[in-house]
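Reading through the structure tokens given below for one structure.
The values are calculated or read from the model by the stated rules, or taken from the named source; none is laboratory data. Given the structure is predicted, the values throughout are model-derived calculations rather than measurements. In case anyone asks, the SASA skips ligands and DNA or RNA and just uses the protein heavy atoms, side chains included. Shrake-Rupley method; radii C 1.70, N 1.55, O 1.52, S 1.80 Å.
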Amino acid sequence: MQVRLTTKFTLTVALLVLAVVTVLSFLYVSILASQLIKGVEDRAAFVAKMVFLQAQNALRDAAQEGSAPASSNPEDIREYLRRTLAENQGLTSQVDAAVGYSNFIFEISIVDSSGRVLISSDSSLPGQIASRRNSLEQLARGGPRKQLSAILGRLRTDEVTYPFNLGDQPFGEIRVATQVGLLRQELLAGLLAAGSIAVVAVLLSTLLGALVSRATLAPLRRISKQLDQIATGRFDPEPESGGTATRRGDEFGQMSTSITQIGQQISRTREEIALDILIQARSEENQRRKVLEETLANAAHEVRNPLHSMQLWLEVLRGNLPREQETPANAVKVLQSEIERLNRVVSQALDYMRPVVPQFEETKMEKLVGEVLEVLRPQLQRARIELATQWNGELPAVRVDRKLIQEAVRNLVLNAVKAMPQGGQLMVALERRGEMLRLTVSDTGCGIPAEHYDKIFALFFTKFKERGGGSGIGLASAYKTVQFHNGSINFESEEGRGTTFRIELPLAN
């Protein structure tokens with residue numbers, strides 16, 4: 001069965017878009033899996049560090065109370081540590097809370113150098129030799145295939161370890177066991193979203209390919225009709241669609257014009273021959289017939305050349321389409337526009353997801369915040385926003401990555417600007433809160449609806465979609481930066497009255 005050229009063109013466009021969307025969907029799902037596993041790793045590492053700090057506090061408190069090992073014998077030291085850690089309410093509460101409130105952490109244990117469990121969230125493990133599990137750090141740095149297999153395959157256990165030292169001497173380690181297979185539902189949701197986009201893109205490209213191919217090959221059908229009319233003796237056919245074909249400037253238009261002119265010339269020649277037949281002798285009639293034959297031969301030659309040119313043009317069109325050349329212009333333009341739009345998340349997620357090597361340094365937050373506000377001052381003035389700052393005296397320094405914290409402060413201020421499209425008041429304050437430094441950013445804008453509270457720090461979520469602003473990455477990036485610095489971020493909001501964001505960062509000392 002012969003396949004029409006329009007069908008071939010449509011299938012080629014659809015297959016090209018399917019290939020591109022498939023590759024992009026795989027990249028999206030791979031990045032999502034890496035992000036999810038990295039999030040679990042970061043959370044487990046943070047919990048391990050907090051458990052270590054609490055264990056250190058427990059040992060220090062016990063020493064201050066006069067408690068000590070019975071002797072310097074390793075078994076006495078081990079028993080002293082086990083008893084001290086197990087009897088410390090703060091440590092056991094922190095371990096139980098970390099396991100109870102996490103969907104992925106199911107066990108936290110402190111083991112000595114031989115692997116024997118001192119304390120654990122699993123009451124059956126103390127005194128037992130704990131076997132080594134898969135490393136979550138290696139999985140987080142593995143390839144997409146390994147990460148997808150860990151999430152979608154059989155349920156497996158991976159752990160994050162943190163060294164447990166007594167002074168400068170290694171004693172054991174803290175192990176936080178996780179199950180990344182529980183991320184399956186979140187990954188499948190992302191996979192479903194990518195699949196939906198792929199299906200819509202293929203269907204849309206197929207429809208557009210059919211429309212573009214129909215529009216592109218329509219002149220060819222008109223030319224074929226013109227030739228059929230000439231073959232039936234109608235040498236001067238009426239132009240269709242208001243003469244659209246004859247007004248085109250490409251090869252189709254030139255060929256249609258040539259055929260029309262040849263038809264008109266043949267028509268005039270035929271009329272002349274018919275007239276001469278009536279008034280001239282038979283010899284003259286033969287001579288006219290010869291002229292007609294020569295004219296028809298010239299006409300066939302004139303038609304053959306444009307037809308050959310058109311055939312080559314169509315082959316070039318079909319052959320070059322996968323290499324993204326602008327042939328035909330409308331199809332390539334549509335494909336190029338769609339491809340440019342997807343590329344543009346991901347990058348923000350990456351950007352968001354790209355690994356960062358921090359450069360920590362002691363920083364005065366009042367100076368850092370002042371620099372950010374000075375850069376944004378013209379934008380605040382254009383938005384008719386009154387800026388007020390508040391910090392009294394010299395505040396202690398914090399140890400941060402300046403660029404990351406500057407970007408987080410900038411995102412909070414710009415978020416406040418978007419919340420006040422008609423202008424308003426912006427308050428930025430710094431104060432010490434115990435061993436933390438608090439940054440407060442308050443606006444008098446539109447506020448956040450209560451139903452958005454649990455999504456406000458989610459990636460790609462924005463409450464400003466209706467005004468065409470916001471990518472949904474700013475607050476998520478600020479949240480990630482604060483968590484990376486072992487700080488905290490929260491907010492209070494009243495719809496129609498304004499929003500207050502608070503960031504707390506540990507002091508440098």
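Note on region 132-194: the alpha carbon radius of gyration divided by the globular reference 2.2 N^0.38 Å gives 1.43.
For region 78-205, the alpha carbon positions stretch 70, 26, 25 Å along the principal axes, listed from largest to smallest. The solvent-accessible area of Phe484, taken with every protein chain present and a 1.4 Å probe, is close to 100 Å².
The alpha-carbon positions of region 2-94 define a convex hull whose volume is 136 Å³ per residue. Our summary of shape: the Cα atoms of region 96-164 have principal axis extents of 37, 27, 20 Å, ordered from largest down, in whole angstrom.
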